[in-house]
Amino acid sequence: MSAIFKEKNTAVITGAASGIGLALAKKCVGYGMRVLVADWDADSLEKAASSLGQGAGTIRVDVGKIEDWARIKEKVVQDFGGQINLLALNAGVGPKTSFDDADPAAFHKIMDTNLFGVINGITTLLPLIKEKFSSSSSSDGGASAIVITGSKQGITNPPGNPAYNASKAAVKTLAEHLSFDLRAAAPAVGVHLLVPGWTWTGLAGAAGGGEKPAAAWWPEQVVDFLETKVAEGQFWVLCPDNDVTEEVDCKRMRWGAEDAVLGRKPLSRWRGEYEGEFGAWMGK
């Protein structure tokens, strides 16, 4: 998988006009890769094109619409000859949702972008990837990687935004199945679930122009961590931040997974009656 980030390889990145997607696009361009930057925000796309230079092309799309993915595929075939060494399905939105609100529009918006943006991307572009990298020794000796951006909220499921958490939990499931299904059909294609920690992006408040909190990582740190894990062939890319270590993340995830096993109430970590037990668990 260390063969991904190298000169003349290609990358298709959604949600790439800002945040983690833009940081990943910059890394790819820095390696001399050809990059297709896909995003919905026209102003951000224009700024991204200016900052990335000639190594990147842009396309304005709604990843929740399958017809827009047909345009991405057409451009990939036209500009890259159908070759995709890196497919990063990164586009995401996170408006707050609540069951106190009877309007399901916010739920649809999140699912269309966060979940179907991944489903549409895989179903549209995977045939191209498998055609080029259907065996462990592809015709040009290269490899391909599919990076899907998940979230810790899709694993630990904290209260406060059920639609976002559900979308990212579903994305995790899709990524796991994709990794399993490609193990024999296309072993030259790696699948990686990127799970950022607290990262200073638009979703985290960076769009407001405020100062980055000390605990948060920059998007570039997340992308550097991703590159290391891709080179190692790791499916799980569980990013720490300046406040939460990998050990803390793992203990929180284990606690949540054991709710069902031990018969605890759901989301027990945030329930008062488990406060002492959870505190003791984290103190181990």
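We did not get these values from a lab; they are worked out from the coordinates using the rules stated. Everything numeric here is computed off the predicted structure, so don't read it as measured data. Because the Cβ atoms are built from the backbone with ideal geometry, glycine has one as well, and the counts that use them run over all protein chains shown.
Data overview
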quantity	calculated
Cα-Cα over 18 Å, subset of Lys229/Lys284; Lys27/Lys75; Lys27/Lys130; Lys6/Lys26; Lys130/Lys229	Lys229/Lys284; Lys27/Lys75; Lys27/Lys130; Lys130/Lys229
Area projected by the alpha carbon convex hull of the stretch 97-199, averaged over all directions, nm²	7.4
With at most 10 other Cβ atoms within 10 Å, longest stretch of the chain clear of loop GluC sites (Glu not before Pro) (DSSP)	8-210
Contact order relative to length of the chain, as percent, for alpha carbon pairs under 8 angstrom and 6 or more apart	17
The stretch 75-126-the stretch 223-252 distance, computed between alpha-carbon centres (Å)	23
The stretch 26-141, relative contact order [Cα under 8 Å, separation at least 6], %	23
Solution diffusion estimate, µm²/s, Stokes-Einstein, the stretch 5-135, Kirkwood Rh from C-alpha pairs, 10 °C, viscosity 1.306 mPa s	105
The chain: calculated mean residue ellipticity at 222 nm from DSSP helix runs of at least 4, using -39500 (n - 2.57)	-14000 deg cm²/dmol
For the stretch 15-33 versus the stretch 156-175, the gap between their alpha-carbon centres in whole angstrom	25
Computed over the stretch 220-269: relative contact order in percent, which uses C-alpha pairs under 8 Å that are six or more apart	19
nm² value of the averaged projected area, convex hull over the Cα atoms of the stretch 10-242	12.5
Anisotropy class of the stretch 245-284 from Cα gyration tensor, a/c 1.5 cut	oblate
Fraction in percent of alpha-carbon pairs per bin - 5 Å, the stretch 196-260	4, 17, 21, 21, 18, 12, 6, 1, 0
Spin-label model distance (nm) - Asp100 vs Ile66, 7 Å beyond Cα toward Cβ	3.8
Rg in Å to one decimal, and Dmax rounded to a whole Å, for the stretch 173-284 via C-alpha atoms	17.3, 48
